[in-house]
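K.L.:
Handing you a structure now.
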Amino acid sequence: MERWTIYLGAVILCASAGLTASDGPQSGQPNCAPTVDSACEINEKVASMESFRARTEDGDILTTNQGLKISDDSNSLKAGVRGSTLLEDFILREKITHFDHERIPERVVHARGAGAYGFFQVYNSLANITKAKFLQDPKKKTPVFVRFSTVGGFRGSADTVRDVRGFATKFYTEDGNFDIVGNNMPIFFIQDAIKFPDLIHSVKPEPHNEIPQAQSGHDNFYDFITQQPEAAHMLMWVNSDRGIPRSYANMEGFGIHTFRLINEQGVSRFVKFHWKPYLGVHSLTADDAGKLVGKDPDFHRRQLWESIASGAFPEWELGLQIVEAEDEFKFDFDILDPTKLIPEELVPVIRVGRLVLNRNPDNYFAETEQVAFCIANIVPGIDFSDDPLMQGRIFSYLDTQITRLGGPNFQEIPINRPVCPFLKNNQRDGLHRDTINVGQTNYHKNTLNAGLPKEATPAAGFQGFPERIAANIVRARSPSFDDHFSQAILFWTSLSSWEQDHLVDSFTGEMAHCQPAIRERLVRLLLNINESLSNRVALNVGVKIDPMPYHTAPPKPVTPSPALSQRNQSKDTILTRVVAVLVADGVNGQAVAQFKNAIIAAGGNVSIIAPRFGTVTPAEADGALIPVNGTFGTFPSVLFDAVFIPGGASSVALLGKIGAAVHYVQEAFVNLKPIAAAGEGVELLKQVGWTPQDAKPPAGVVINDGNAISNAFTAAFVEAIKQHRFYEREKTSSVPS
Ligand code: HDD
């Protein structure tokens with residue numbers, strides 16, 4: 001009770017900062033309808049990179065890097081046609097040498113990723129809480145580059161593995177670059193940066209045999225993490241459905257740490273940054289995610305690319321949770337502890353602006369691979385807090401770029417250049433220095449160059465928050481960071497029963513690859529969170545433990561936070577959803593056409609799946625041939641969001657005899673996807689245990705009587721697709737897949 005009172009106090013104080021839930025155009029609801037009118041906008045940042053773009057022009061001739069025209073790019077210089085090859089062949093050597101040096105070190109974490117350009121626009125001026133210039137003018141579109149990533153896998157690993165996702169945003173502001181280097185989960189595994197190398201060593205492939213790739217389910221990770229009770233909360237998040245998002249556009253993003261916002265008057269408030277996706281937070285099933293690793297390892301980056309290319313731009317709203325400076329100690333956790341979130345029901349997330357990704361990069365390496373994010377990239381009006389994880393990050397990012405991007409001049413790489421004046425200082429030279437600094441002086445203060453470049457006035461220059469500190473220097477952890485389980489319990493308690501089931505399944509899967517002693521340690525750790533969770537995992541992985549918890553402090557009572565459950569996510573659009581339409585010769589062509597039009601009109605898309613590529617002949621004598629997009633084997637159901645089986649007696653009879661087509665329907669059913677059938681197409685539903693003689697179809701199965709489809713049917717199916725998945729089927733289905 002007391003805890004709620006304190007939190008509600010924080011809510012009121014947040015409102016007193018001059019920022020209320022109504023500052024967003026529609027409080028609490030996504031309000032950024034997708035923009036489809038500004039495809040591939042050339043924003044300020046994109047335009048500033050034009051002089052670096054190289055295009056092949058009509059009539060271009062192959063040259064060496066020195067500009068020498070090449071007339072034979074297929075044969076090396078030899079002593080006679082049968083060799084040997086001459087060292088003198090500088091053209092061969094130049095080409096091979098460049099090739100030999102094409103690779104740079106991949107990111108030590110977050111190596112696998114995909115990026116895009118876009119803009120950020122604030123809804124209303126936030127001048128009352130921050131002087132950050134990009135948060136002042138609702139007319140201003142600030143260019144951004146966003147990179148999404150997995151954490152553990154190598155650069156060539158698959159997109160859909162269970163993992164945390166990186167969500168890093170670079171704002172190119174008039175005051176320099178501001179980066180929010182966040183994740184799709186609001187907390188982190190550890191509290192102090194000094195444990196980061198251990199955490200990452202443990203989760204990466206084991207060093208003796210480099211197994212497993214991009215998987216956390218192995219001995220080293222769980223050996224480490226079960227000895228770090230502070231990780232209990234994050235372990236719950238990563239083993240929940242948040243660890244297998246449907247797409248990047250279906251993920252929330254979080255700055256995680258508590259930052260500061262500072263206004264023109266020097267007043268500082270604490271803030272947590274959130275990204276709220278327009279499409280809502282939705283996940284794959286574990287079965288989909290696992291199969292996609294093999295069927296389409298590029299699933300997420302392909303979706304991002306294709307949705308931008310087709311004009312269905314991914315969008316998020318920036319949300320702020322504000323805590324007044326004087327409320328810093330009013331919570332029953334420490335707001336500097338990165339393993340804790342602030343429940344949204346207690347400090348509301350105020351939606352203050354929108355992020356739209358509307359342009360794909362031109363070149364993966366030049367832009368997405370070379371972009372260098374850094375948590376230390378802040379602008380006046382935004383500052384750090386003393387979160388010890390954040391403090392370590394301030395050092396690490398710049399440092400890692402020096403190795404990764406080959407020296408201290410990586411800011412000169414086009415994607416990393418700010419759009420305002422930069423490099424106006426006396427730093428000089430180093431590997432890959434492109435700038436030619438003209439003039440005699442390279443020091444401050446000088447008189448020989450009129451003292452230039454000169455210091456900004458205190459008002460114009462960056463000034464860190466003058467935090468008052470009186471402390472002994474110690475190597476220790478604050479006791480206010482000690483409660484490791486209350487929020488893990490909060491998370492568990494806030495989930496729906498199907499989300500809880502998925503956590504049990506995920507922990508079971510992770511433990512499958514761990515030895516008995518480590519399984520037992522996990523089960524003990526989980527006992528501190530929930531007895532049933534622990535018992536269910538113990539039963540699944542064959543562990544028996546005495547009931548003594550790993551930590552003995554009794555858990556505090558928690559009040560569930562509905563915002564933590566995906567059950568409560570918005571389900572009001574089918575944008576980016578694709579329906580597989582299963583056809584063979586003799587299909588009702590008119591139904592296929594009508595269905596396609598209806599789905600496209602609602603914002604989704606369809607893919608025609610048939611026994612072979614080419615075209616399918618419809619039942620109608622005068623019907624047009626139907627072009628095929630994929631076959632049952634090459635475009636399996638795990639790639640799609642829903643399935644439709646149109647009528648047409650011979651089409652359906654044929655599909656019923658093709659094992660891959662039957663499997664297609666069963667697999668979509670088992671993965672809880674909406675399925676529709678019309679006319680004879682209903683026949684195939686007996687493969688998922690339903691016939692028209694049964695009472696009513698299973699949840700998410702939509703039937704159209706007769707072959708000619710009705711508007712009511714397509715409308716009902718669109719509604720089903722919006723629901724994403726039908727988790728109630730999970731418990732009842734005995735369909736194999
Ligand atoms: Fe980190 C990359 C997010 C803790 C050290 N981190 C990196 C990226 C993201 C994050 C999204 C990829 C950026 C990109 O796309 O290029 N990291 C986080 C979050 C953390 C976090 C949300 C905790 C709240 N990181 C963290 C700590 C350290 C690092 C505690 C070290 C003390 N992170 C790095 C790094 C990386 C990195 C080694 C690897 C590549 C890079 O920086 O540019 O410096």
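The values are calculated or read from the model by the stated rules, or taken from the named source; none is laboratory data. Note that the coordinates shown come from a computational prediction; the quantities given were computed from them, not determined experimentally. Glycine also receives a Cβ, built like all others from the backbone with ideal geometry; neighbour counts cover every protein chain displayed.
K.L.:
Just one of (1) in contact with a strand residue (DSSP E or B) (Cβ under 7 Å, 6 or more places away or on another chain); (2) under 30 Å from S268 (Cβ atoms) trips up A376, so point out which.
P.N.:
(1)
K.L.:
So how many residues does segment 264-286 have that are under 19 Å from I721 (Cβ atoms) and of a type outside the set (F, W, Y)? Step through it out loud before you land on a result.
P.N.:
Residues of segment 264-286 that are under 19 Å from I721 (Cβ atoms), as a first pass: 277-285.
Filter once more, so that each one left must be of a type outside the set (F, W, Y): 277, 279-285.
Of the residues in that region, 8 qualify.
K.L.:
Please tell me if Y222 is touching a Cys at 6+ places or on another chain (Cβ under 8 Å) and over 24 Å from S506 (Cβ atoms). Steps first, answer last, please.
P.N.:
On the way: touching a Cys at 6+ places or on another chain (Cβ under 8 Å): yes; over 24 Å from S506 (Cβ atoms): no.
No.
K.L.:
Among the residues of segment 145-179, what is the count of those that are small (G, A, S) and more than 10 Å from the ligand (Cβ to nearest atom)? It would help to see each step written out before you state the result.
P.N.:
Of the residues in segment 145-179, the ones small (G, A, S) are 149, 152-153, 156-158, 166, 168, 176.
With the extra rule that they be more than 10 Å from the ligand (Cβ to nearest atom), the set shrinks to 152-153, 156-158, 176.
Of the residues in segment 145-179, 6 are small (G, A, S) and more than 10 Å from the ligand (Cβ to nearest atom).
K.L.:
Further question on the same structure: Would you be able to say whether some residue in segment 74-83 is assigned to a loop (DSSP other than H, G, I, E, B) and at pLDDT below 95? If you could, list the steps in order and put the result at the bottom.
P.N.:
The initial filter retains those residues of segment 74-83 that are assigned to a loop (DSSP other than H, G, I, E, B), namely 74-77, 79-83.
Add one more test, that the residue is at pLDDT below 95, and what stays is 83.
Scanning segment 74-83 turns up at least one residue that is assigned to a loop (DSSP other than H, G, I, E, B) and at pLDDT below 95.
K.L.:
Then there's this: Keeping to segment 204-233, report how many residues are of a type in the set (S, T, N, Q) and without any contact (Cβ under 8 Å) to a residue 40 or more places away in the chain.
P.N.:
First, pick out the residues of segment 204-233 that are of a type in the set (S, T, N, Q): 209, 213, 215-216, 220, 226-228.
Imposing the further condition that a residue be without any contact (Cβ under 8 Å) to a residue 40 or more places away in the chain reduces the set to 209, 220, 228.
Total satisfying the criteria: 3.
K.L.:
Restrict the check to segment 336-357 and report whether at least one residue is basic (K, R) and either within 14 Å of the ligand (Cβ to nearest atom) or assigned to a loop (DSSP other than H, G, I, E, B) (or both). Give the steps one after another, and end with the answer.
P.N.:
First, the residues of segment 336-357 that are basic (K, R): 340, 351, 354.
From what's left, either within 14 Å of the ligand (Cβ to nearest atom) or assigned to a loop (DSSP other than H, G, I, E, B) (or both): 340.
Yes, segment 336-357 contains a residue that is basic (K, R) and either within 14 Å of the ligand (Cβ to nearest atom) or assigned to a loop (DSSP other than H, G, I, E, B) (or both).
K.L.:
Can you report the number of residues in segment 383-407 which are in a strand (DSSP E or B) and either among the hydroxyl-bearing types (S, T, Y) or surrounded by 22 or more Cβ atoms within 10 Å (Cβ to Cβ) (or both)? Show your work before the answer.
P.N.:
Taking segment 383-407 as the starting set, the residues that turn out to be in a strand (DSSP E or B) are 383.
So of that shortlist, the ones also either among the hydroxyl-bearing types (S, T, Y) or surrounded by 22 or more Cβ atoms within 10 Å (Cβ to Cβ) (or both) come out as none.
Residues that pass the stated criteria total 0.
K.L.:
Out of all the residues in segment 95-103, is one or more surrounded by fewer than 16 Cβ atoms within 10 Å (Cβ to Cβ), within 16 Å of the ligand (Cβ to nearest atom) and either within 26 Å of N360 (Cα to Cα) or acidic (D, E) (or both)? Break it down into steps so the answer makes sense when it comes.
P.N.:
Taking segment 95-103 as the starting set, the residues that turn out to be surrounded by fewer than 16 Cβ atoms within 10 Å (Cβ to Cβ) are 96-103.
Checking which are within 16 Å of the ligand (Cβ to nearest atom) leaves us with 103.
When the remaining residues are screened for being either within 26 Å of N360 (Cα to Cα) or acidic (D, E) (or both), the result is 103.
Within segment 95-103, one or more residues are surrounded by fewer than 16 Cβ atoms within 10 Å (Cβ to Cβ), within 16 Å of the ligand (Cβ to nearest atom) and either within 26 Å of N360 (Cα to Cα) or acidic (D, E) (or both).
K.L.:
Spot the failing condition for G182; the list is (1) among the small types (G, A, S); (2) without any contact (Cβ under 8 Å) to a residue 24 or more places away in the chain; (3) within 13 Å of the ligand (Cβ to nearest atom), and only one is missed.
P.N.:
That leaves (2) as the condition not met.
K.L.:
Mind listing whichever residues of segment 705-737 are assigned to a helix (DSSP H, G or I) and either on the phi > 0 side of the Ramachandran plot or at pLDDT 95 or above (or both)? Reasoning before the result, please.
P.N.:
Initially, segment 705-737 is screened for residues assigned to a helix (DSSP H, G or I), giving 711-722, 729-732.
Of everything in segment 705-737, those that are assigned to a helix (DSSP H, G or I) and either on the phi > 0 side of the Ramachandran plot or at pLDDT 95 or above (or both) turn out to be N711, A712, F713, T714, A715, A716, F717, V718, E719, A720, I721, K722.
K.L.:
If you take the residues in segment 668-696 that are in a loop (DSSP other than H, G, I, E, B) and touching a residue at least 24 places away in the same chain (Cβ under 8 Å), which one is farthest from the chain's Cα centre (by Cα)? Quick ask: steps written out before the conclusion?
P.N.:
Our first condition is that a residue be in a loop (DSSP other than H, G, I, E, B); within segment 668-696, this holds for 671-674, 689-696.
With the extra rule that they be touching a residue at least 24 places away in the same chain (Cβ under 8 Å), the set shrinks to 671-674, 689.
Values: N671: 22, L672: 23, K673: 22, P674: 24, G689: 36 Å.
The qualifying residue farthest from the chain's Cα centre (by Cα) is G689.
K.L.:
So is Y278 within 16 Å of the ligand (Cβ to nearest atom) and either under 17 Å from the mean Cα position of the chain (by Cα) or crowded, with 23+ Cβ neighbours inside 10 Å (or both) or not? It would help to see each step written out before you state the result.
P.N.:
Values: within 16 Å of the ligand (Cβ to nearest atom): no; either under 17 Å from the mean Cα position of the chain (by Cα) or crowded, with 23+ Cβ neighbours inside 10 Å (or both): yes.
No; evaluated as a whole, the condition is false for this residue.
K.L.:
Check S240, S216 and return the single one that is surrounded by 22 or more Cβ atoms within 10 Å (Cβ to Cβ), under 24 Å from K276 (Cβ atoms) and among the polar types (S, T, N, Q).
P.N.:
Details: S216 fails: under 24 Å from K276 (Cβ atoms).
So the residue among S240, S216 that is surrounded by 22 or more Cβ atoms within 10 Å (Cβ to Cβ), under 24 Å from K276 (Cβ atoms) and among the polar types (S, T, N, Q) is S240.
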